[in-house]
């Protein structure tokens, strides 16, 4: 019965797939005018801090972003690749290496993502945070790497200030623990879920770095 429900989720994903990626707003230098005795000279004003360029998405945009996180092509692609790899490794071995086992792993990935994204969305809305990934405004290599690595562990306030990103951390671990304690084979426990959540956060950072480096 559970497997049929997971397949139903997978069908919905294929039916409503959309792709979404929101780049970080770029900061445009402003100009200020300084007067002299003879004329006016325009001088470039130093760029304001990165947080001032951030504009919090409105309620409707946040809601749409939530649904895109459930049914995006990027998410589906990562789930399919991960499921194929785990089928090849036969992990969990109880699900086997045939198409049925692959289907179970894909359905499991879809369900875990739904729990994760719903938890993140609920916490973001409750605490007025934004856990979405935004590319670094500074395009040098070091800044890209730093932004990619800290993004899974940070969130933005309404003003754009970066703070501890507990919504994504809680969402990631919640999804992994629920999966381990419910539809995974009985030998799995919450400890396996915690390990899986930690690995997931690491992959999240790696994927963010990939997005940083492939975009100019």
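No value in this document is a laboratory result; all are computed from the given coordinates. Small disclaimer: the values here were computed from a predicted structure and weren't measured. Positions of Cβ are generated from backbone atoms using ideal geometry, with glycine treated the same way; all protein chains shown enter the neighbour counts.
Some observations on this one:
- Extending 7 Å from the Cα toward the beta-carbon at both residue 201 and residue 100 defines two label points whose distance is 3.7 nm.
- The modelled label-to-label distance for the pair residue 210/residue 125, using points 7 Å beyond Cα in the direction of Cβ, is 3.0 nm.
- Calculated FRET value between residue 163 and residue 78, using beta carbons and R₀ = 25 Å, to 0.05: 0.40
- Shape of segment 62-214, Cα gyration tensor, a/c cut at 1.5: prolate
- Span from the segment 50-101 Cα centroid across to the segment 121-184 one, whole angstrom: 14 Å
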